[in-house]
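So the structure is just underneath, and the comments pick up after that.
The values are calculated or read from the model by the stated rules, or taken from the named source; none is laboratory data. A quick note: this is a predicted structure, and the numbers were derived from the prediction, not measured. Cβ: placed from backbone, ideal geometry, glycine included. Neighbour counts: every protein chain shown.
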Amino acid sequence: MDNSSGQFEAVLDRLERIEAAIADLVEQRTVKEWYATAEVAKLLGKSDYTVREWCRKNQIPAEKTANGRGWIVSHETLTRLKNHELPLPECRTYHALDSRRN
C-alpha cells in the first residue's frame, strides 16, 4: 500500500510541474500589444534593469507608461529583440534615426 501511495504522490507532483510548465508556455505565447519591461526581461532571459536601460538610452523603441514612471515595449519591438535585431549599440539611438527621416 505504501508503494502505491508513493507512486501516486510522484504522479501528482509530476502533474503539477507539467501544469506549471503549460501555464508558462501559454503566458509566453499570449500576444499583447504592449509589454512591461519586467515581462520583456523574463521572455528574453535578461534583467529588468537591462531592458529599462535599453529604453532609457533609446537603444530600443519604447514609451513611458501613463504615470511616467516606467516603460512599455511594443509587441513588434519584442519580436525584433527575440530575432536579435535589437538593441542598437549606444552610439546609434532611435532619436538619431528618427531625425534623419524628417
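For the reader, a short list of remarks on this structure follows.
- Residues (closer than 13 Å to Ala41 by Cβ and either in a helix (DSSP H, G or I) or not assigned by TED's automatic domain parsing to the domain that holds Glu39 (or both)) located in the stretch 54-76: Trp54, Cys55
- Candidate set from the stretch 27-47 (those that are more than 18 Å from Glu85 (Cα to Cα) and among the aliphatic types (A, V, I, L, M)); member that is surrounded by the most Cβ atoms within 10 Å (Cβ to Cβ): Ala36
Okay, residues lined up against (1) surrounded by 11 or more Cβ atoms within 10 Å (Cβ to Cβ); (2) touching a Cys at 6+ places or on another chain (Cβ under 6 Å); (3) in the same structural domain as Lys82 (by TED's automatic domain parsing); (4) in contact (Cβ under 8 Å) with a residue 24 or more places away in the chain:
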| residue | (1), (2), (3), (4) |
| --- | --- |
| Phe8 | no, no, no, no |
| Leu15 | no, no, no, no |
| Glu19 | no, no, no, no |
| Tyr49 | no, no, yes, no |
| Arg52 | yes, no, yes, no |
